[in-house]
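Values quoted throughout were computed directly from the atomic coordinates according to the rules given, and no laboratory measurement underlies them. Here the structure is a predicted model, which is why all the values come from computation and not from measurement. So basically every Cβ, Gly included, is an ideal-geometry build from the backbone, and we count neighbours across all protein chains shown.
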Amino acid sequence: MSGDFYDHNDPFALFSDWLKEAEASEINDPNAMALATTDADGLPDVRMVLLKSFDSHGFVFFTNEESAKGRQLATVPKAALLFHWKSLRRQVRVRGPVEWVSEAESDAYYASRPRGSRIGAWASQQSRPLESRFALEKEVALHAAKYAIGDIPRPPYWHGYRVLPLAIEFWHDRPFRLHERVRFARDEANEGTAGWRKSRLYP
């Protein structure tokens, strides 16, 4: 695919193309992304999470709402994402408000997870102090016994979040740091593929 991607008018289609190329070239987790949130004092926080789905509405990940990021998003429901595909020398930056996905969507993804991961969602008090590794393993064993037979329900605090982009920037490394940058921006987050303004940026 050409490095000059300015002719693309749909940022989600362009992201899909880039992600497919990353899936063929990245060694681990091509869907990994840095998620930045802000706490009540305005102090930013960032961590790596996995993109689980995306469409013309936004980018979806799942987590415990009682985790640090869950609490921060409850206070300031806005976030930024960064995808960095080192093998392709590309980045994608995303910024926008955040909403919960539907209960049905959260249920469907939770049901698709390995059984051990579903047990882990019950056992882990994510982001809170842990006295020892044994304490975590004990919780895992307790919940594994509790749900030894039958389905494992989704914990009520475990949800999907969708970042609704107001801006998506595509960055491609070029020689002599004369990188290519194309930014898509819009005023409303729920406009689908409409409303995007496209511009080149200096490197």
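Anything over 28 Å Cα to Cα? Flag those among 52/86; 52/198; 78/138, in the order listed. Present the calculation step by step, with values, prior to reporting the outcome.
Working: 52/86 20 Å; 52/198 26 Å; 78/138 35 Å.
The answer is 78/138.
Taking amide H as placed 1.01 Å from N in the peptide plane, the amide H of residue 96 sits under 5 Å from that of 79, 166, each at least 5 places away or on another chain. Diagonalising the gyration tensor over the Cα atoms of the chain and scaling each eigenvalue by 5 before taking the square root yields semi-axes of 34, 18, 17 Å, largest first.
Highest average first, the peptides 155-164, 106-115 ordered by how many other beta carbon atoms sit within 10 Å of their residues are 155-164, 106-115.
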